[in-house]
Amino acid sequence: MSQPHTHKDTIYAAPSDVVEGFRFDDKVVAVFPDMISRSVPGYSTIINMISQLTERYAQHGTHCYDLGCSLGAATLAMRQGLGQGASQKNCTLVGIDNSNSMITHCQKIIDADSSQGSAKVLLIEDDIENTPLHAASIVVLNFTLQFLALEKRTALLTRIADALVPGGVLILSEKLAFDEPRHHELMIDLHHNFKRSQGYSDLEIAQKRQSLENVLIPETFLAHQARLKEAGFSGVELWFQCFNFASMIAFK
């Protein structure tokens, strides 16, 4: 799977009197692969397993969606899982993101990819709350739902459930919160230690956390589970967790 050229994430390396709210702008796009790999423990494992889950659950002739596709890491993993040549499942693979910078750079990465999978990829610049979804066997929300306002999450998940064919699945990766305060703080501390081990300074960690406040809203696994069932999914399983980062699979 081809990887985009990336620069080291130093966005929060210099002290700032005013830390702006986090946005997926050109500055973030330029360092995004480095940022997410050094910020999310287990990210590469999740991406690799999305390929395997796609191979298992993709149904011939259906749609496979990556909602909030950013630079297409999960999209390319899904493409790999859909196979090549005669073994390809003839699915329509769609990546959607509302950031023009992300979609523009993602298209270049998709166009340059020739190593894994032969499925065609359609990229759409749009808000995932508005884009129609049709006859889907797999939908991926890879660290995307957490940026959506709490009151809008059920409606999106209901639309996804309605669009899935019988046997379809949603792969939902999120940063988690925890009800028990001591455990919640432990997971935050372990995450910050992980970021330090990846070369981030305490200043970078503090300023990044400030920029994400009220932008990224984490919830507990039980809250996700309850909402997914309310939205129409028959079951939800936690298949991966490292500290306060996790990925779930929800079944139609």
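The values are calculated or read from the model by the stated rules, or taken from the named source; none is laboratory data. All values derive from a computational prediction rather than experimental measurement. When we count neighbours, we look across all protein chains shown, and the Cβ atoms used for this are built from the backbone with ideal geometry, even at glycine. We work out accessible area using only protein heavy atoms, side chains counted, and drop any ligands, DNA or RNA first. Shrake-Rupley method; radii C 1.70, N 1.55, O 1.52, S 1.80 Å.
Before moving on, here are some points about what is shown:
- Of all aspartates and glutamates in the structure, the ones whose alpha carbon falls short of 15 Å from that of Lys252, not counting any fewer than 8 places away in one chain, are Asp162, Glu230, Glu237.
- Residue among Gln241, Gln107, Gln210 with the largest mean-square fluctuation in a Gaussian network model of the chain, springs linking Cα atoms under 10 Å: Gln210
- Where Cα atoms sit under 21 Å apart: lysine pairs in segment 1-150 separated by 8 or more or lying on different chains: 5
- Label point distance in nm, Arg196-Ala223, each placed 7 Å from Cα along Cα→Cβ: 2.7 nm
- Amide proton proximity set for Leu123, modelled H, under 5 Å, gap of 5+: Gly95
- Inter-site label distance for Val165 and Arg23 at 7 Å from Cα along Cβ, in nm: 4.1 nm
- Ranked by how many other beta carbons lie within 10 Å on average, peptides 49-57, 215-223 from highest: 49-57, 215-223
- Mean residue ellipticity at 222 nm, helices only, the chain: -13000 deg cm²/dmol; runs of at least 4 DSSP H residues each add -39,500 (n - 2.57), and the sum is divided by the number of residues.
- Here the Gaussian network model covers the chain, with springs between Cα atoms less than 10 Å apart; of Glu125, Glu151, Glu174, Glu151 fluctuates the most.
- Segment 128-252, dipole about Cα centre (Lys/Arg Cβ +1, Asp/Glu Cβ -1), debye to the nearest 20: 240 debye
- Computed with a 1.4 Å probe over protein heavy atoms only, the accessible surface of the chain comes to 46 Å² per residue.
- Here the chain is treated with +1 on each Lys and Arg Cβ and -1 on each Asp and Glu Cβ, and its dipole about the Cα centre works out to around 620 debye.
- Options Val94, Gly199, Gly68, ranked by Cα towards positive dipole end of the chain, top entry (Cβ charges): Val94
- Only protein heavy atoms count here; under a 1.4 Å probe, Tyr43 has an accessible surface of about 30 Å².
- Sequence-distant residues sharing a close amide H with Cys91 (under 5 Å, placed H): Gly61
- If you run the Gaussian network model on the chain, springs between alpha carbon atoms under 10 Å, then out of Met187, Met102, Met78 the most flexible one is Met187.
- P(r) tail fraction, segment 1-100 - alpha-carbon pairs more than 23 Å apart, %: 36 percent
- Solvent-accessible surface (1.4 angstrom probe) belonging to Arg209, in square angstrom, nearest 10: 130 Å²
- Overall, the accessible surface of the chain at a probe of 1.4 angstrom is composed of carbon and sulfur to the extent of 51 percent.
- His183 accessible area, assembled protein chains, probe 1.4 Å, Å²: 70 Å²
- Cα-projected label distance for Phe240 with Asp179, points at 7 Å along beta-carbon direction, nm: 2.7 nm
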